[in-house]
């Protein structure tokens, strides 16, 4: 086994082989201007950013185009983004209402601050 040599944050591994040629499906271009960033919709749960304190909603397995298992991660990410981009206090709480925490069938989401 080849011995790895640590250099700062990088690890040199003599056993690794790097591809030195560009694959023919990749086109390298020069002097292409970087487009301005567009305002992106965070997700289909973007409406969470409009909730007022005390408002809530639920998602279950019958809610069209929404999954109970995806609600909490999306809600917490949106709350974090709102806090970081607006310096506004924005807290969300999500709870599994039916099913298990790993396989929820109904999840609720509340704006608590």
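Any read-out appearing in this document is the output of simple, stated calculations on the displayed coordinates, not a laboratory observation. If you're wondering where the values come from, they're calculated on a predicted model, not measured in any experiment. Because the Cβ atoms are built from the backbone with ideal geometry, glycine has one as well, and the counts that use them run over all protein chains shown.
Of the residues making up the stretch 71-93, those that are outside any strand (DSSP E or B) and in contact (Cβ under 8 Å) with a residue 24 or more places away in the chain are 71, 72, 74, 75, 77, 78, 79, 81, 82, 89, 90.
When residue 64 is tested against the conditions (1) closer than 16 Å to residue 44 by Cα; (2) assigned to a helix (DSSP H, G or I), the lone failure is (2).
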